[in-house]
Amino acid sequence: MQRRRASPPSSLPLLLALCLGALLPWLPPPAGAQQPPEGPAAAARELPAGGRLAAAAARAALHYLNYRAGSPGALRALRRVRRATLKSIPGVGHKYYLQFTTEDYRSRQNVGNCLATVFYRKRKSLPAVTINCRDTKDEKQIQEEDNSFYQKIKQQTKPIIANDIPDSYGNIEPALEPVWALAVVGSSYIMWEKSTENLGYSMAQVKSVKQWIRKDDSIEFDYTVLLHEIPTQEMISCHMRVIWLPGHPLKVKYFCASENQWFEEASGMGSGSAAGISHEKEENF
């Protein structure tokens, strides 16, 4: 009698399907298949510390810090980026984690290290900055410099009116140094607001300045300033009104040549934080 072959168990197709399903995630996708977006953690990467993107983000953080401080005596400039990490958040934007050193805007002496995050969202908005700096410049010294600037301006018997600070040779008259320093503080707000991942700014010159006499203790100036746009090398002309009193939030109102209306008045109590980065993971820095 011829023996019949046993038919495969009915569960075999199911087992084969399960095995194939387990292998599929490890197989390469078909050519041209669209990949799903990576998660935020997988998209973090180290940036060259000396690169343009890292420097632009660090300058944006310092513009924000200088504006919020509202203090000519506390002005900082970027010295060197030590480390930079970029985290891409799909559909939202890019977040930079930065370590950098700073120097005094006038003396160019080292004034401490900073940790900062700068968040550029895809939708049009200000760079969101969180920054914390270790100061080597004494707080009392900063207050003394601010008071000295303030008194020099207040002691003027006539309203200050001047042009081209610094001049074509790069010189600034000693009597106009407080005027220049206050212009840098006020311009920091404009430069922070206009900064993007691909465009940065520095203040090149005060083309003109006029002081307004006030009945209260505050000092008020109208400036026309030239901002150097990086990397386009263009000069952007902006008209700016600044109201300042030491120890109080700076008030800034401005419009630039490419804009046709005044921006809303801003003060140093704007959004963001100049301290408190403890919630960020240390390895991001």
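Measuring between alpha carbons in the structure, the pairs from LYS140/LYS194; LYS95/LYS194; LYS87/LYS124; LYS87/LYS207; LYS137/LYS207 lying more than 28 angstrom apart are LYS140/LYS194; LYS87/LYS207; LYS137/LYS207.
Surface calculation, 1.4 Å probe, protein heavy atoms: ILE243 sits at approximately 40 Å² accessible. Annotation: peptides 61-67, 248-254, 161-167, 231-237, ranked by per-residue average of other Cβ atoms within 10 Å with the highest first, follow the order 61-67, 248-254, 161-167, 231-237. Computed packing ranks the peptides 111-117, 198-204 as 111-117, 198-204, most packed first, by mean other Cβ atoms within 10 Å.
Compute the length gained on full extension between GLN151 and THR196: take 0.36 nm times their separation in residues and subtract their Cα-Cα distance, giving the result in nm to one decimal.
Values: separation 45, 0.36 × 45 = 16.20 nm, distance 3.67 nm.
That pair, GLN151 and THR196, stretches by 12.5 nm at full extension.
The values are calculated or read from the model by the stated rules, or taken from the named source; none is laboratory data. Given the structure is predicted, the values throughout are model-derived calculations rather than measurements. Positions of Cβ are generated from backbone atoms using ideal geometry, with glycine treated the same way; all protein chains shown enter the neighbour counts. Heavy atoms of the whole protein, side chains included, go into the accessibility calculation; ligands, DNA and RNA do not. Shrake-Rupley method; radii C 1.70, N 1.55, O 1.52, S 1.80 Å.
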